[in-house]
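Data first, discussion second: the structure below is written as C-alpha cells.
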Amino acid sequence: MIKTHRVSIITIGDELLIGQVTDSNSARMGQLLSEIGIEVSRKWCVGDEKGEILYAMQEAQVHSDLVLVTGGLGPTKDDITKTVMAEFFGVELQFSELAFQHLKSLLDKYKVEIREMHKHQCNLPSNVEILENKLGTAPGMWAEHQGVNWAFMPGVPYEMEYILQHEVIPKLKSLGYQSKYRQTTIQTAGIGESEIAHRIEPLLIQMPEYIKLAYLPGTAIVRLRLSGIHDEPAILEQEINWYTEIIIHELDTLVLGTGNDNLPKFLGRMLKENGFYIGTAESCTGGLMAHMITSNAGSSEYFKGSVVAYTKEIKQDTLGVNTTIIKQNGVVSEQTVMQMVEGLCQKLGVDLAIASSGIAGPDGGTEEVPVGTIWLAAGNRESTITQKLQLSRDRARNIERASVMGLLLARRWLLENVHFTNK
C-alpha cells in the first residue's frame, strides 16, 4: 500500500467564521503545497476561543503527520494562539530575544514606539523553532509534538505566504515531505462540464484507476484536474502528461492553458506573443476587466489603459459614440459597444479593445431591455465581434461574469484574427 502524508490546516479567527474576511489562506496553502506534491486532506476553521482552538489541535494531532496553522499570533488580546499552543504542548511561554530584536528592528525603521504589548508578542512556547517573517512583526514557529510536525504562521495573507514559501516548504523538502502525489490542471472556456465529459471521457477509458479526473467549474471557465498517487512518481507524471495531451488535442482552442494561471494572464501571454496592446471601454463592468488584467505583474507590456464610460455623455464625448446610434438603439446595444471599441482604439492607440454596456441590476431594466442584459464587443477599427448576455438580477455576479466573458471574447478575437493556437 502507498503511504501518503496526512496534512491538515487550521485557520483561526472570528472574522473568518462571520464572513467578515474570506479564508484565502487555506486555499493558497493548498495550492502551494500541491505544487511540490503534497496534498491537504483536512482543514478546520475556528474562532478566537481557547476551547475551539484546543479542539482543532487535538483533532489534527490524531489525524495528521503535518499541521499548518494560521492566525492569532499578533499583539492584541484576541491573539491567543501562542497561549493555547503552550498548553497543548505542555510547555511554558518564554521571552524570545531573537523575536524581540526582529520586532524592534521593524518598529525602529518606521519610528514606532515599542509598547508592552509588543514585548508580550515575543513570549513564545519554549519548544518552538522561530521561522523568520521579513514582512511583519509576528514570527512563524515550527514544533514537533509526539511525531507530528506543526507550522504556525500569522493570519495576514502575504506574511503567511512569505513564511510558507521561504521557511516551511524548504523545511518540508528537507524532511522528505514531497510525496508520491502528482497533478496537473487544464483550464478550459466556452464549454460546460457535461459537454467536456461527453467529448473526453471516451478517450480516457484506458486511464489507470490511480489517476483521477476532477471537474472544477467556475465563472465561464472549467478546470480539469488530473491527479494521482503512485510508488513511481516519474511513471505517474509521464502518464498524467500523456492524458493531458489527449485532452488538449481533443478540446483544441477551448483550452486556455495548463497550470494555475488566471484568465487575464493567459490572455496577456497571447497579446505579448503577438506584440499587441489592449485597452477596455467599460460601462456596466465599471473597470473590473481592467482591474483583472492589471492584477498580474508585467501587464504594462500589453495593457495601455481604460475608460470607464458609465454615463451616456462619457460614451459620446470621450469615446465618440454617435448620438444618433444611441437614440436609435439605446446605450445597451450592439451598435453602441462596437462604437465604444472603435473610439477607444482611436483614443488610446491600442490594437485590441473590449467594451461593455448593460444593466447589471438589480433594477433599472425595461420590458425591451430587462435587467441582466449586457452587450460586449472586442476588436478594433478593422474588425469587431460582439456577444449579448442575458444574465440574472444579481448585480455582483453579473458584473463578474460579464468581465470574464469580455476577456474571453477578446481571446476569441485573437484566435480568429491572429491565428493563434495553444499547440
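Coordinate-derived values only; no laboratory data. Keep in mind that this is a model prediction, so the values were computed, not measured. No Cβ is skipped: glycine too gets one built from the backbone with ideal geometry, and neighbour counts run over all protein chains shown.
Once segment 376-397 is narrowed to residues that are buried (at least 17 other Cβ atoms within 10 Å of the Cβ) and in contact with a Gly (Cβ under 6 Å, 6 or more places away or on another chain), the residue that is nearest to Pro264 (Cα to Cα) is Leu376. Give the residue that is farthest from Arg381 (Cα to Cα), with candidates limited to residues of segment 315-324 that are surrounded by fewer than 18 Cβ atoms within 10 Å (Cβ to Cβ) and not hydroxyl-bearing (Ser, Thr, Tyr). Per the stated criteria, the residue is Asp317.
Can you name the condition, by its number, that Gly259 falls short on among (1) of a type outside the set (Lys, Arg); (2) buried (at least 20 other Cβ atoms within 10 Å of the Cβ); (3) in contact with a Ser or Thr (Cβ under 7 Å, 6 or more places away or on another chain)? Here Gly259 meets the rest and fails (2). Identification of helices (runs of 4 or more DSSP H) wholly contained in segment 130-205 with 2 or more residues that are within 30 Å of Arg401 (Cα to Cα) and in contact (Cβ under 8 Å) with a residue 60 or more places away in the chain yields 157-163.
The set of residues from segment 48-64 being buried (at least 16 other Cβ atoms within 10 Å of the Cβ) and in a loop (DSSP other than H, G, I, E, B) comprises Asp48, Ser64. Go through segment 65-92 and give me each residue that's out of contact with any helix residue (DSSP H, G or I) (no Cβ under 8 Å at 6 or more places or on another chain) and part of a loop (DSSP other than H, G, I, E, B). Selection gives Asp65, Gly74, Lys77, Asp79, Gly90, Val91.
Filtering segment 69-110 down to residues that are polar (S, T, N, Q) and under 20 Å from Glu144 (Cα atoms), which residue is nearest to the chain's Cα centre (by Cα)?
Filtering segment 69-110 down to residues polar (S, T, N, Q) leaves 70, 76, 81, 83, 94, 96, 101, 105.
Within this subset, residues satisfying the condition of being under 20 Å from Glu144 (Cα atoms) are 70, 81, 83, 94, 96.
Numbers: Thr70: 18, Thr81: 27, Thr83: 33, Gln94: 38, Ser96: 36 Å.
Top of the filtered list is Thr70.
Of the candidates Val307, Val331, Val350, the single residue that is touching a Gly at 6+ places or on another chain (Cβ under 6 Å), closer than 19 Å to Thr384 by Cα and crowded, with 17+ Cβ neighbours inside 10 Å is Val350. The combined condition, being surrounded by 15 or more Cβ atoms within 10 Å (Cβ to Cβ), of a type in the set (Gly, Ala, Ser) and assigned to a loop (DSSP other than H, G, I, E, B), is not fulfilled by Gly19.
Scan Ile38, Ile53 and give me the residue that is within 30 Å of Arg115 (Cβ to Cβ) and either basic (Lys, Arg) or in contact (Cβ under 8 Å) with a residue 24 or more places away in the chain (or both). Give the derivation first.
Values: Ile38 fails: within 30 Å of Arg115 (Cβ to Cβ).
Just a single option satisfies the conditions, and that option is Ile53.
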